[in-house]
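S.K.: The structure is given below, and queries will be raised subsequently.
The values are calculated or read from the model by the stated rules, or taken from the named source; none is laboratory data. Computed from a predicted model, the values in this text were never measured in an experiment. With ideal geometry, Cβ positions are generated from the backbone for all residues, glycine too; neighbour counts draw on all protein chains shown.
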């Protein structure tokens, strides 16, 4: 079972970067958790997110501002 922690946001814009920067902090704490993939994403949106989410049918946590 794979779990995706997806941090979204634009790292250039203050409050829009919360998901992106929160994920950066969580990478250090959670990098050894088996079955957990942590992805920071700021270039994909809309239906293009489906490609990022593919394969994570069971669990997802999406952090976005």
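S.K.: Could you tell me whether residue 38 is modelled with pLDDT of 75 or more and either loosely packed, with under 15 Cβ neighbours inside 10 Å or not in a strand (DSSP E or B) (or both)?
M.R.: no
S.K.: Consider residue 57 carefully, then state whether it is modelled with pLDDT under 75, farther than 16 Å from residue 2 by Cα and assigned to a loop (DSSP other than H, G, I, E, B).
M.R.: no
S.K.: Does the stretch 2-35 hold any residues that are surrounded by 12 or more Cβ atoms within 10 Å (Cβ to Cβ) and at pLDDT 85 or above, and which are they?
M.R.: Correct list: 26, 27, 30, 33.
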